[in-house]
Amino acid sequence: MENFQERLGHLSAAGMRARVYCEDLLFPKVGRTMADLWSVYSKPVPADGRELWTLFLQCSCITTVIGGLFYNWMFASLEYSWHVAVAMAVSFSLLLLLTLFLVHPARCVFSMIMPTLGTKQGRKLLLSTCIMIVVANIIPNIISNIKTILQIIKCISKNSSESLLNSTALLETASWEFGDAIQETIHSIDIYRPMNGHFQVSLLKNGSLIYQQMHLASEKIGRNFLIVEVWVKDSVRVGNKLFAGFSMFYLCFESTWYLKNYLTSLRFDNFYITKKLECLAVDRKAAHLLVGSSKNLIRPTGLKLSREEVMLCLVQAMLLTVALMLVLVVVTIDHFVFSVADTAVRKAAQFSMVPVTLSIKYNAKIEVLPFLLNHKILEELLLQNFERTYHHYLTFSSAHCTISPPTPPNPSVLLVVGLLFCILYTTVFLQTYAHRLCRKIAGSFFKSWEEKRALYLYKKLSRKHKEEQSCLRN
């Protein structure tokens, strides 16, 4: 017991030392390192050779990661060939490296693109990825199961028609035996008799014509399905590529437009209580300005959303729900078609032969005039009775039919689509905070301009406060 308590005391002491080390040494050191790296990255011009090499390594690491993600996006999502994806990824990475390393505003725009991916443009890219996954995996599965159903219909039609054609031999046998019975009766009397008393039944012995027509019809249906499948895939693939290109262009344009307005207008997106504004108000002993204007100003680090921001999030969530419902409809169709195909395959294997029975019962008599017979006393002639039963079986399925098994829905595809939609719904509510982060990034890249914006907002609040005080005196 004492050993256990000693070990427990050693563990708690080690945990306390690790906590103190992390809080006093590790975390502050990591924070200072990250602040230094961001300071070098956001400076217009490096101060010395050390900062120059640090900036180059930062840009190289960023372009390597972005190039890998860009290749995976081009190859996996947009379905470009691997050599085209590699060539475009390498070219894009080299161009991005030179731009980030040499152009300071480009670094600011690129940095603002990252949080912008959490806004509507990022949602558009993720939504296009979801659509591509659905088109590339779920729709072909639906078409494959429909083909299985058509193969079952073709097999049943072929076997039933063949069995029906074979049943005509039953009519031939029955007609021939019935003709023999009539011929025997006719020979027993001395009247005019035909040359042949048999019925002539025209039978189709060869069903190749029907099989050929059925084969041509099934091939035509298969070609039509293939044309529709290829057309849908090509259309969605081209549409996704155009949409992805437009989204990337608009993503860069949106960040550039924000930076341009930020640098040219002091009023643009200037309603945040920043640290520079707080320091300015404290230095001029006017902290009450920030307290009185708390309803109109927003703290960029706060979690509280304004009413307008909440309404915008709800509208975006409703639009996203419409897209989710469309995807769910496609998923439901996939499960329904698979259920029908699976049931059809199991029922077709259980089809039993249908017995067909042909019964012929014949009983007749002939009344003739007496002078037509040699025996003048006989005016009525009884014919021989005929009663036979013939059996046949109609088959609807055969083991020789080539039926591809139905393909069940892929649960991994549903899991990926579900996770993407969870991320999409998360970006709806993160859009406001991403917008605030863009403003903070721009302020860190252009610190002198951020001071001018803080001074402009302070003067605006001070002027508004003086106007309110004058109105109260009057």
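The values are calculated or read from the model by the stated rules, or taken from the named source; none is laboratory data. Remember, predicted model here, so these are calculated numbers, not experimental data. We place every Cβ from the backbone using ideal geometry, glycine too, and count neighbours over all the protein chains shown. Surface accessibility is based on the protein's heavy atoms, side chains included, excluding ligands, DNA and RNA. Shrake-Rupley method; radii C 1.70, N 1.55, O 1.52, S 1.80 Å.
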Integer Hz, Karplus 6.51/-1.76/1.60 couplings in order for the stretch 35-44, x for Gly and Pro: 5, 5, 4, 5, 5, 5, 5, 8, 6, x
Where does each of 38-51, 416-429 land if you order them by average Cβ count within 10 Å, highest first? 416-429, 38-51
In Å², and per residue, what accessible area does the stretch 100-155 have when probed at 1.4 Å with the other protein chains present? 34 Å²
With a cut-off of 15 Å, note down the residues of the stretch 261-286 whose backbone N falls inside the zone around a label point 7 Å from the Cα of S448 toward its beta carbon. 263-264
Order the following by accessible area, largest value first: T332, T54. Probe radius 1.4 Å; ligands, DNA and RNA are ignored. T332, T54
Cβ crowding within 10 Å averaged over residues, with 137-146, 405-414 ranked highest first: 137-146, 405-414
Output needed for the stretch 394-474: three equivalent-ellipsoid semi-axes, defined as square roots of 5 times the C-alpha gyration tensor eigenvalues, in descending order, whole Å. 69, 18, 7
What pairs from K147/K220; K43/K440; K154/K233; K29/K275; K124/K440 go past 18 Å between their alpha carbons? K154/K233; K29/K275; K124/K440
Ranked highest first by average number of other Cβ atoms within 10 Å, how do 83-89, 441-447 line up? 441-447, 83-89
Excluding ligands and nucleic acids, what accessible area in Å² is computed for C61 using a 1.4 Å probe, to the nearest 10? 90 Å²
Amide H contacts of I298 (H built 1.01 Å from N, under 5 Å, at least 5 apart or other chain): Y272, I273
